[in-house]
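What follows is a short report on a single structure.
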Amino acid sequence: MAGFNPPSWRTGHNVIAAAGTAEQCTAAAVLQGAIAVFRARSTNTGVLYIGYNKADAEANHFSIIPAGSIGLQVDNIGDVWIDAAEDGDIVEWMYEVATE
């Protein structure tokens, strides 16, 4: 449709295969100065743990309940590590990108 800008955001998710073993989110560049949102899928059966590296996520310092979210100013989605209390739980993420 003429007059509209192309989408300036992207979405994705990561499945945490094994509870207790943090996984790095998929690498994806975020628009400078933008906030990326990380949300625990509403159908998760346990909490997710978020960290700035593998050890921090596995230390369970910060948790996100199912359907809970947090916004972080990161330059790449892959800067974030996620652990889970239950195998197979999912973190969803949304971030802004530069328009062409």
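Just so it is clear, none of the values below were taken in a lab; they were calculated from the coordinates. Just so we're clear, the structure is a prediction, and the values are computed from it rather than from any experiment. Neighbour counts are summed over all protein chains in view; Cβ atoms, including those assigned to glycine, are modelled from backbone coordinates with ideal geometry.
Descriptive notes on the structure:
- Residues located in region 37-58, provided they are touching a helix residue (DSSP H, G or I) at 6+ places or on another chain (Cβ under 8 Å) and farther than 16 Å from Ile90 by Cα: Tyr52
- Gly33 vs. criteria on the phi > 0 side of the Ramachandran plot and touching a residue at least 60 places away in the same chain (Cβ under 8 Å): no
- Where a residue in region 48-73 is on the phi > 0 side of the Ramachandran plot and its partner, wherever it lies, is exposed (fewer than 13 other Cβ atoms within 10 Å of the Cβ) and part of a helix (DSSP H, G or I), with Cβ under 9 Å and at least six apart: none
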